[in-house]
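First comes the structure, then the notes that go with it.
Computed from the coordinates by the stated procedures, all read-outs in this text should not be read as laboratory data. Fair warning: this is a prediction, and the values are worked out from it, not measured in the lab. All Cβ positions, even for glycine, are placed from backbone atoms using ideal geometry, and neighbour counts span all protein chains on display.
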Amino acid sequence: MEITQQCVVALTWTLKDTLGEELDQLEEPVEFLVGGSDLLAKIEEALQGHEPGDRVDLHLEPEDAFGDYDEQLVFLEPRELFPAEVEEGMTYEGLPAGATSQDAPADVLYTVTEVYPEHVVLDGNHPLAGIALRLHLKVEGVREATDDEIGAGTLGAGFFKVA
């Protein structure tokens, strides 16, 4: 079966930056809904017409991937708003209660990028924002999507999910 809109594709991949540094590798296939919100538009476009066993190599500029890095999505919050065990790499949906940054979007996933004695730095950018990517995909399987999957618009796979 060829990949078309409203089908489910099982993919494995290797993701690298433009310098060739490996950022992620998926060896076990993950299913994504084509025509939903699981995949970036450029990935869906490139997969059209491919079949199981096919390999697809893509170069994605930031605007076609996770966007440009936005310095206005970086916020400093008082250290006392966070638990004692807060550390770099932790994520929070929205800012903590009592946050001082009034203009911060509430529906963003923030990553702790630095912890200081007096404050914590939160970054609302996607970890791959501002990075051009090289994606090496392998189509492991293709099947028809169920009505429930089409209705949901996603299989819940998060890596390439468009927020």
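Quick look at the values:
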read-out: Relative contact order for the chain, counting Cα pairs under 8 Å that sit 6 or more residues apart, in percent; value: 37
read-out: For q = 0.23, 0.29, 0.30 Å⁻¹, Debye-computed log10 I/I(0) when each Cα of region 71-123 counts as one equal scatterer; value: -0.81, -1.36, -1.47
read-out: For region 1-74, the Rg and Dmax computed from alpha carbons only, in angstrom; value: 13.8, 45
read-out: Residue order, fewest to most beta carbons within 10 Å, for MET90, MET1; value: MET1, MET90
read-out: Tail fraction, Cα-Cα pairs, region 71-163, threshold 16 Å, whole percent; value: 65
read-out: Candidates ILE150, ILE131, ILE43: whichever shows maximal mean-square fluctuation once the chain is modelled as a Gaussian network with Cα springs under 10 Å; value: ILE150
read-out: Whether region 5-44 is rounded, prolate or oblate, judged on the alpha carbon gyration tensor where a/c under 1.5 counts as rounded; value: oblate
read-out: Rough spin-label spacing in nm, given labels placed 7 Å along Cα→Cβ, for GLU71 and ALA106; value: 2.9
read-out: Cα centre as origin, Lys/Arg/Asp/Glu Cβ charges: the chain dipole, Debye; value: 200
